[in-house]
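First comes the structure, then the notes that go with it.
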Amino acid sequence: MSPQPAAPDRDVTAPRPGAAHRVHLAASGVSVLLDVTDGRVPAIAHWGRALGALGPEGMDALCEATVPPVPQNLVDVPVRVGLLPQVSDGWLGRPGLAGSRPDGSGWTPRLITRGLRIDGTPPADAHVETGAAHVEIDLEDPEEGLAVLLELDLLPTGLLRLRARLTNTGTGPYRLDELSLSLPVTATADELLDFAGRWTKERTPQRRAFTVGTHLRENRRGRTGADSAHLLHAGRPGFGFREGEVWAVHTAFSGNHRHLAERTSSDQRLLGGGELLLPGEVALEQGGTYESPWLYASYGDGLDQVAARFHRHLRSRPHHVDARRPVTLNVWEAVYFDHDLERLTDLADRAAALGVERFVLDDGWFGSRRDDTSGLGDWVVSPEVWPDGLGPLIDHVRAHGMEFGIWFEPEMVSEDSDVARAHPEWIMAPSPERMPLHSRNQQVLNLSIPEAYAHVRDQMLALLGAHEIGYIKWDQNRDLLESATRATGRAAVHDQTRAAYRLMDELRAAHPGLEIEACASGGARVDLGVLEHTDRVWVSDCIDPLERQQMHRWTSQLIPLELMGSHIASGRSHTTGRLHTLGFRAHSALMGHLGIEWDLAAASEEELAELTAWITLYKERRELLFTGDLVRADRGESPLWLQGVVSSERDEALFALSAVGRADTAQHPRLVLPGLDPAAAYRVRALLPSGPPSHLTPPPWLSRVLEADGAVLPGAVLAVAGLAAPLLDPEQGLLLSLTRESAAGASR
Ligand code: DGJ
């Protein structure tokens, strides 16, 4: 590393010429060895399984051992790809930083390390070995006038996250096209798993071989997207929930973004991601900065470990929700736009009688919003449908001891609205003359215009100030096509996304304790960016339990159950037309933040009694569900899915067996219940709020479990050898509750 003058305004420890810093971070079974050397961008020599204490020699040996040889007919030095890959280091894959000066120069920076701090302090030694820590690295290219602050956290959960802040230190503007970060994965990671999806079918998994080239998942929707990559995994072929090393990245951003897996012809493999910037969207004046979103990275032996690191991280947030998540009734599928005080107070009475704790008034209460063609942007209560305002409904709901929640779509505007008529310049459009195509009959309100932002904020605050409102369902129902500031034509998705986050924070600051649900045409906004500002996500507009089984399985790969809105709807699904029993609907909704979205006036007395039993069960079990570890069993192609939640002490668990189809064979593979202590014994009971599944011929162990006191079974049988699987009909479920008995055994 050649000596460089230290930046005058920073506390910089410039590594000695030719010297190297090695930083070994280790937490929760994960090691990260950072190699900061030779005047290049820092690189990761190891990210994966914990290595134990290495000592200085071990760190040097590992860094040296992972330097690749110089292949023929390529640059004459070994190319170790950095966290911010760049061409000047010999990297010929996708560069992490792309941009240029107006004259075309500055597009190939040579950033080098100029300073390193660990938990805010420059290291005293060239070798550092520590636990979870916050690392900051200053990079600079004085010639091109660019500086980058790279931040890397190894969190106590073993989750890694990185972000970069670019500063234009040169003279004149710098146009930034991309700032993405990357992490290396080993050559054993031969298979990729990420997600696709669409409205009402979010997060459908897709696997492929990790071949040479780039698997690039770009999102230009201006929202996370029903088809978002969600998490991009690379792992040993066939990796499952419980086994197989796997590495995953997630870009924590709700605007345009990308995820990528890249494998070069030299067999270097990277996972990366960042924000997707539109042309000219970020132009940095001298001294201007841009900060990337966090790129989260999780390593595990099996997908459950990858997920657990995210779950534990989210649960450690200071504003994370209480485990006693209130049973919610959302009125959308019950009444749609038919807002009528009498009907809604009746619904509130019925909800309260069931034990519902939160009542949410959905779309249709404001402005001219009698259907989805008008009114967005006018956040004032409609005198037409609410002649006495919302007070009577809210008072009624609160008199039942329920919390009141309300729907907003703050980033949107209908052209048929007072605000659009008064301020057409607030509508996002590529030019004053041309509007983007409509989507759900609506346009986007430009929150990067301070007056537009203030309009929405003030109207929202006025309503929140006038009533006891504890919860906002924050919706966002269209993609951002051609979303620019109308007067200038300049793209504004980046600013819009940041403004939405800012508005959420302002509302929460003004109303401490206010919860916000992130919804976007159902589940098109599920990401860790929005979850820094919100408290749950609406998984999908499809409440069909069969579809939800798959969506919950994969949504929970990123977020814990208490953040997934999970409702019981009417017997016939409004989006698929399928009919399901109440038992399967409730069974499928139980492992999530439970709600109801059903016109209860149309439910029979028997259904209401059954529903009450499920709500009671949820209340009894929610603390376990929302503090325990999610476990999902690997069962090959079997349509008999098994997932559970096991308490951290492994003394309590709840397992759900769900038949999502019919098997080709007469019997299913055995049930091996993951996460239990094989050395313990557990009392196993069946929980049957809807009675036993029909046509059930239970295997002998289940016959004993179905008796009043259940049966005690050894952990070795439950967790290792496995149990004969019962033959459930399709779209049936069975819940098993397990409690540790003091000693192992198989007696009753
Ligand atoms: C889309 C949401 O996902 C639904 O739950 C509902 O709130 C509608 N928007 C209202 O317009």
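The values are calculated or read from the model by the stated rules, or taken from the named source; none is laboratory data. Note that this is a predicted model, so its numbers are computed, not measured. When we count neighbours, we look across all protein chains shown, and the Cβ atoms used for this are built from the backbone with ideal geometry, even at glycine. Note: areas computed on protein heavy atoms with side chains; ligands, DNA, RNA excluded. Shrake-Rupley method; radii C 1.70, N 1.55, O 1.52, S 1.80 Å.
A few notes on this one:
- From the list Gly628, Gly592, the lone residue that is under 23 Å from the mean Cα position of the chain (by Cα), surrounded by 21 or more Cβ atoms within 10 Å (Cβ to Cβ), more than 16 Å from the ligand (Cβ to nearest atom) and without any contact (Cβ under 8 Å) to a residue 60 or more places away in the chain is Gly628.
- Residues in the stretch 192-220 that are in a strand (DSSP E or B) and either among the basic types (Lys, Arg) or more than 22 Å from the chain's Cα centre (by Cα) (or both): Arg198, Lys201, Arg203, Arg207, Arg208, Ala209, Gly213, Thr214, Arg217.
- Output for the stretch 320-345, where each listed residue is away from the ligand (no atom under 11 Å from the Cβ), assigned to a loop (DSSP other than H, G, I, E, B) and open to solvent by less than 50 Å² (accessible area, probe 1.4 Å): His320, Val321, Ala323, Arg325, Pro326, Val327, His339
- The condition (being surrounded by 23 or more Cβ atoms within 10 Å (Cβ to Cβ), over 30 Å from Ala484 (Cα atoms) and away from the ligand (no atom under 16 Å from the Cβ)) is satisfied by just one residue among Gly235, Gly240: Gly235.
- Odd one out for Glu243, checked against (1) outside any strand (DSSP E or B); (2) within 17 Å of Trp47 (Cα to Cα): (2)
- Considered as a group, the residues in the stretch 534-549 that are in contact with a strand residue (DSSP E or B) (Cβ under 7 Å, 6 or more places away or on another chain) and either among the hydrophobic types (A, V, I, L, M, F, W, C) or open to solvent by 10 Å² or more (accessible area, probe 1.4 Å) (or both) include one that is farthest from the ligand (Cβ to nearest atom), and that residue is Gln549.
- Of the criteria (1) more than 11 Å from the ligand (Cβ to nearest atom); (2) under 21 Å from Ser573 (Cα atoms), which one Ile394 fails: (2)
- Options Ala586, Ala524, Ala518: the member that is crowded, with 24+ Cβ neighbours inside 10 Å and away from the ligand (no atom under 16 Å from the Cβ): Ala586
- Test result for Ile112, within 26 Å of Ser28 (Cβ to Cβ) and either touching a residue at least 40 places away in the same chain (Cβ under 8 Å) or open to solvent by less than 50 Å² (accessible area, probe 1.4 Å) (or both): no
- Counted residues, the stretch 129-159 - those being open to solvent by less than 30 Å² (accessible area, probe 1.4 Å) and in contact with a helix residue (DSSP H, G or I) (Cβ under 9 Å, 6 or more places away or on another chain): 5
- For Glu607, the stated conditions hold: it is in contact with a Leu (Cβ under 8 Å, 6 or more places away or on another chain), among the acidic types (Asp, Glu) and either within 29 Å of Glu357 (Cα to Cα) or modelled with pLDDT of 95 or more (or both).
- Meets criteria (free of Cβ contacts under 8 Å to residues at least 60 places away in the same chain, away from the ligand (no atom under 16 Å from the Cβ) and open to solvent by less than 10 Å² (accessible area, probe 1.4 Å)) for Ala348: yes
- In this entry, Leu447 passes the filter for residues that are in contact with a helix residue (DSSP H, G or I) (Cβ under 6 Å, 6 or more places away or on another chain), assigned to a loop (DSSP other than H, G, I, E, B) and of a type in the set (A, V, I, L, M, F, W, C).
- Condition check for Glu517: out of contact with any strand residue (DSSP E or B) (no Cβ under 7 Å at 6 or more places or on another chain) and touching a residue at least 24 places away in the same chain (Cβ under 8 Å): no
- Of all residues in the stretch 693-727, those satisfying the criterion of being without any contact (Cβ under 8 Å) to a residue 40 or more places away in the chain, surrounded by fewer than 19 Cβ atoms within 10 Å (Cβ to Cβ) and part of a loop (DSSP other than H, G, I, E, B) are Ser694, His695, Leu696, Thr697, Pro698, Pro699, Leu706, Glu707, Ala708, Asp709.
- When restricted to residues that are surrounded by 14 or more Cβ atoms within 10 Å (Cβ to Cβ) and over 21 Å from Leu139 (Cα atoms), the stretch 71-90 contains 0.
- Condition check for Ala680 on (1) surrounded by 16 or more Cβ atoms within 10 Å (Cβ to Cβ); (2) touching a Leu at 6+ places or on another chain (Cβ under 7 Å): one failure, at (2).
- Qualifying position, being more than 16 Å from the ligand (Cβ to nearest atom) and part of a loop (DSSP other than H, G, I, E, B), among Gly377, Gly401: Gly401
- Counting only residues that are out of contact with any strand residue (DSSP E or B) (no Cβ under 9 Å at 6 or more places or on another chain) and among the hydrophobic types (A, V, I, L, M, F, W, C), the stretch 602-640 holds 5 of them.
- Residue within the stretch 309-319 that is among the polar types (S, T, N, Q), within 16 Å of the ligand (Cβ to nearest atom) and touching a residue at least 24 places away in the same chain (Cβ under 8 Å) present: no
- Leu393 meets all of the listed conditions (1) outside any loop (DSSP other than H, G, I, E, B); (2) of a type in the set (A, V, I, L, M); (3) open to solvent by less than 30 Å² (accessible area, probe 1.4 Å); (4) touching a residue at least 60 places away in the same chain (Cβ under 8 Å) but one, namely (4).
- Selected residue (only one of Ala43, Ala65 is under 27 Å from Gly235 (Cβ atoms) and buried (at least 19 other Cβ atoms within 10 Å of the Cβ)): Ala43
- Residue list for the stretch 404-450, restricted to those being closer than 20 Å to Gly222 by Cα, away from the ligand (no atom under 16 Å from the Cβ) and open to solvent by less than 70 Å² (accessible area, probe 1.4 Å): Trp426, Ile427, Met428, Ala429, Pro430, Ser431, Met435, Pro436, Asn446, Leu447, Ser448, Ile449
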